[in-house]
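Q: Could you have a look at this structure, given as structure tokens, before my questions?
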Amino acid sequence: MQEIENEFLRVCVDESGGALNRVFDKRRNKELLWQGSENSWKGRDVVIFPFVARLKDRTYTVDGKEYSMDNHGLVRYSVLNVSERCETSVELELESDENTLKRYPFPFRFSVAYMLEKNALRIKYRVENTGRRSMYFGVGGHPAYIIDCDEKDGEDDVGGNVILFDGVQTPVRYVLDDAGEYITSVTPPTELSEIETSKKLFDRYKTLIYGGIKGTVRLLKRCGESIDFDLGGAPYLALWSHAKRGGYVCVEPWWGLPDFKDDGKEMAEKRSVRELESGKVFECGYVATYN
């Protein structure tokens, strides 16, 4: 486990998966990151690469050859190496090898960096194409943050916690099938300024996925505390929580989407996939500020 710290925050990052393990607010002496639960989501965060969410039947093809990939890609199932670190920042790296090439036939060098800046945590993803041909991928985050919650009738009531957008936005929403796995349709642009969290909301929609959200997104908790997310220009934003249990919500900047229901198997032809030419680098990321 890698730990970074300043006068405001203590953050732990797990080399297994490269994701957040703890975000501890030293000012309030309290944990901010969901710590997992057997009756809800066992996870805390996921570093997503090279595919966002689900592939149809967990398979895809490159030049007609079939490969398999689990939910959210390779990194979450891999052990990353520490490439740089100091007291307030750490960078972890994964490089393709014979095992990754069996599941994802593109040579790459991937890194995720965590940097503390006062009461903010900056997260940066870097993808380098080390192969001789274009590669195709998606990348993103999946942090689960604790929100105010009361148990009621065997379920967790998370009402009163609100997602606030930067003014009135007009995003599209990517609608998932009943199982919450694949995109079936895209709504027309609709005005949106806030969303109140509720288990009924996530039970109905599984994951809320928006395209075209701009500026900063604020998670305002019932108690008055808040987290501001500078999405860093991410084209998609996902909001997710377990449909019945768990006092948390995931605020997920995505550079990619799950498969559409009618997508074909060939990777280069998928609608939301990113292309990176040989020798090129793609960088992206977001900032969470803990108020």
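Q: Just give me the residues in the range 225-242 being surrounded by 21 or more Cβ atoms within 10 Å (Cβ to Cβ) and closer than 16 Å to Arg122 by Cβ, in sequence order.
A: Ile227, Phe229, Leu231, Ala234 - these are the residues of the range 225-242 that are surrounded by 21 or more Cβ atoms within 10 Å (Cβ to Cβ) and closer than 16 Å to Arg122 by Cβ.
Q: Still on this structure, please answer the following. Restricting the range 39-82 to residues that are part of a strand (DSSP E or B) and surrounded by 14 or more Cβ atoms within 10 Å (Cβ to Cβ), which is modelled with the lowest pLDDT? If you could, list the steps in order and put the result at the bottom.
A: First pass over the range 39-82, keeping only residues part of a strand (DSSP E or B): 47-49, 59-62, 65-68, 73, 79, 81-82.
Adding the requirement that they be surrounded by 14 or more Cβ atoms within 10 Å (Cβ to Cβ) leaves 47-49, 60-62, 67, 73.
Values: Val47: 98, Ile48: 98, Phe49: 98, Tyr60: 96, Thr61: 96, Val62: 96, Tyr67: 96, Gly73: 93.
Per the criteria, the residue is Gly73.
Q: Only one of these is under 23 Å from Cys149 (Cα atoms) and modelled with pLDDT under 95: Lys244, Lys265, Lys221, Lys261. Name it. Reasoning before the result, please.
A: Values: Lys265 fails: under 23 Å from Cys149 (Cα atoms); Lys221 fails: modelled with pLDDT under 95; Lys261 fails: under 23 Å from Cys149 (Cα atoms).
None of the others qualify; the one that does is Lys244.
Q: Quick check: anything in the range 67-74 touching a residue at least 60 places away in the same chain (Cβ under 8 Å) and either hydrophobic (A, V, I, L, M, F, W, C) or touching a helix residue (DSSP H, G or I) at 6+ places or on another chain (Cβ under 8 Å) (or both)? Can you show your working first?
A: Going residue by residue through the range 67-74, those that are touching a residue at least 60 places away in the same chain (Cβ under 8 Å) are 72-73.
Of the ones still in play, those that are also either hydrophobic (A, V, I, L, M, F, W, C) or touching a helix residue (DSSP H, G or I) at 6+ places or on another chain (Cβ under 8 Å) (or both) are none.
Looking through the range 67-74, none of the residues is touching a residue at least 60 places away in the same chain (Cβ under 8 Å) and either hydrophobic (A, V, I, L, M, F, W, C) or touching a helix residue (DSSP H, G or I) at 6+ places or on another chain (Cβ under 8 Å) (or both).
Q: Could you pull out the residue among Arg245, Arg218, Arg222 that is within 20 Å of Glu31 (Cα to Cα), open to solvent by 40 Å² or more (accessible area, probe 1.4 Å), of a type in the set (Lys, Arg) and within 19 Å of the chain's Cα centre (by Cα)? Reasoning before the result, please.
A: Details: Arg245 fails: within 19 Å of the chain's Cα centre (by Cα); Arg222 fails: within 19 Å of the chain's Cα centre (by Cα).
One residue alone meets the criteria, Arg218.
Q: Also: Return yes or no: is Val249 in contact with a strand residue (DSSP E or B) (Cβ under 6 Å, 6 or more places away or on another chain) and of a type in the set (Val, Ile, Thr)?
A: Values: in contact with a strand residue (DSSP E or B) (Cβ under 6 Å, 6 or more places away or on another chain): no; of a type in the set (Val, Ile, Thr): yes.
When the stated conditions are applied, Val249 does not pass them.
Q: Further question on the same structure: Is one or more of the residues making up the range 79-100 within 20 Å of Trp255 (Cα to Cα) and in contact (Cβ under 8 Å) with a residue 60 or more places away in the chain?
A: yes
Q: For residues that are in a loop (DSSP other than H, G, I, E, B) and within 21 Å of the chain's Cα centre (by Cα), tally how many sit in the range 1-15.
A: 3
Q: If I ask for residues that are part of a helix (DSSP H, G or I) and surrounded by fewer than 19 Cβ atoms within 10 Å (Cβ to Cβ), which ones from the range 83-104 would you list?
A: As a first pass, look at the range 83-104 and keep what is part of a helix (DSSP H, G or I): 98-103.
Correct list: Glu98, Asn99, Leu101, Lys102, Arg103.
Q: Now for a separate question. Quick one: which residue in Gly18, Gly36 is within 14 Å of Val90 (Cα to Cα), out of contact with any His (no Cβ under 9 Å at 6 or more places or on another chain), open to solvent by less than 70 Å² (accessible area, probe 1.4 Å) and not in a strand (DSSP E or B)?
A: Numbers: Gly36 fails: within 14 Å of Val90 (Cα to Cα).
Only one candidate qualifies: Gly18.
Q: Right, here's the next one. Residues in the range 78-101 that are among the acidic types (Asp, Glu) and out of contact with any Lys or Arg (no Cβ under 8 Å at 6 or more places or on another chain): how many?
A: Going through the range 78-101, the residues among the acidic types (Asp, Glu) turn out to be 84, 87, 91, 93, 95, 97-98.
Adding the requirement that they be out of contact with any Lys or Arg (no Cβ under 8 Å at 6 or more places or on another chain) leaves 84, 87, 97-98.
So the answer is 4.
Q: Quickly run through the range 105-121 and pick out the residues that are in a strand (DSSP E or B) and either more than 20 Å from Asn291 (Cα to Cα) or basic (Lys, Arg) (or both). Talk me through it step by step, then tell me what you get.
A: So the first thing to find is which residues in the range 105-121 are in a strand (DSSP E or B), and the list is 108-117, 120-121.
Scanning the range 105-121 gives Phe108, Arg109, Phe110, Ser111, Val112, Ala113.
The values are calculated or read from the model by the stated rules, or taken from the named source; none is laboratory data. What you see is a predicted model; the values in this text were computed from it and never measured. Positions of Cβ are generated from backbone atoms using ideal geometry, with glycine treated the same way; all protein chains shown enter the neighbour counts. Heads up: the accessible areas ignore ligands, DNA and RNA and are worked out on the full protein's heavy atoms, side chains in. Shrake-Rupley method; radii C 1.70, N 1.55, O 1.52, S 1.80 Å.
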